[in-house]
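First comes the structure, then the notes that go with it.
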Amino acid sequence: MHELSIVQSVVEICAARAAEQGANSRVTHITLEVGALAAVIPDALRFCFEACTKETMLDGAELEIIEIPGRARCLDCAGEVSVTRLFGTCECGSAKLILIAGEELKIKQMEVEECA
Ligand SMILES: [Zn+2]
């Protein structure tokens with residue numbers, strides 16, 4: 001399950017950033033952007049998140065996942081097409097599509113709280 005390694009690196013990055021704000025900081029909320037074509041299952045991320053955050057600065061943090069639908073631009077008619085797979089065809093019949101959205105996998109936002 002590669003979601004586990006993704007979550008582990010997200011936790012590492014967020015913990016490092018929180019640590020910069022103070023040793024007693026705590027991450028309360030994380031927003032992830034996950035593209036529909038990123039080959040990542042949001043439910044698996046949520047499942048791993050709880051296990052990976054135990055006894056870290058992220059313990060108890062809320063995980064919000066924003067799913068970004070796949071979109072591509074057609075090189076022949078310049079139209080925008082929504083895609084659910086990496087390869088698709090445009091309404092005009094062209095298969096010359098370039099992905100413009102849907103492969104994202106990034107930390108969009110995190111909230112840190114200072115504990116006294
Ligand atoms: Zn087209």
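The values are calculated or read from the model by the stated rules, or taken from the named source; none is laboratory data. Owing to the predicted nature of the structure, the values given are computational and were not obtained by experimental measurement. Because the Cβ atoms are built from the backbone with ideal geometry, glycine has one as well, and the counts that use them run over all protein chains shown. With ligands, DNA and RNA removed, areas are computed over all heavy atoms of the protein, side chains included. Shrake-Rupley method; radii C 1.70, N 1.55, O 1.52, S 1.80 Å.
The table below gives the values:
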read-out: Hey, Gln21 touching a His at 6+ places or on another chain (Cβ under 9 Å), polar (S, T, N, Q) and away from the ligand (no atom under 16 Å from the Cβ) or not; value: no
read-out: Hits in segment 81-100 (condition: of a type in the set (Ser, Thr, Tyr) and either within 11 Å of the ligand (Cβ to nearest atom) or more than 15 Å from Ala36 (Cα to Cα) (or both)); value: Thr89, Ser94
read-out: Filter result (within 23 Å of Val40 (Cα to Cα), polar (S, T, N, Q) and modelled with pLDDT of 95 or more) within segment 63-116; value: Gln109
read-out: Selection count where residues are open to solvent by 60 Å² or more (accessible area, probe 1.4 Å) and assigned to a loop (DSSP other than H, G, I, E, B), scope segment 74-114; value: 14
read-out: Looking only at segment 44-82, and only at residues there that are β-branched (Val, Ile, Thr) and out of contact with any helix residue (DSSP H, G or I) (no Cβ under 7 Å at 6 or more places or on another chain), the one that is farthest from Ser94 (Cα to Cα); value: Ile66
read-out: Subset tally (residues that are outside any loop (DSSP other than H, G, I, E, B), of a type outside the set (A, V, I, L, M, F, W, C) and out of contact with any His (no Cβ under 9 Å at 6 or more places or on another chain)) for segment 57-73; value: 4
read-out: Among residues of segment 11-41, those that are in contact with a strand residue (DSSP E or B) (Cβ under 6 Å, 6 or more places away or on another chain) and open to solvent by less than 60 Å² (accessible area, probe 1.4 Å), counted; value: 16
read-out: Of all residues in segment 2-38 being of a type in the set (D, E, K, R) and within 14 Å of Met110 (Cβ to Cβ), the one that is farthest from the chain's Cα centre (by Cα); value: Glu20
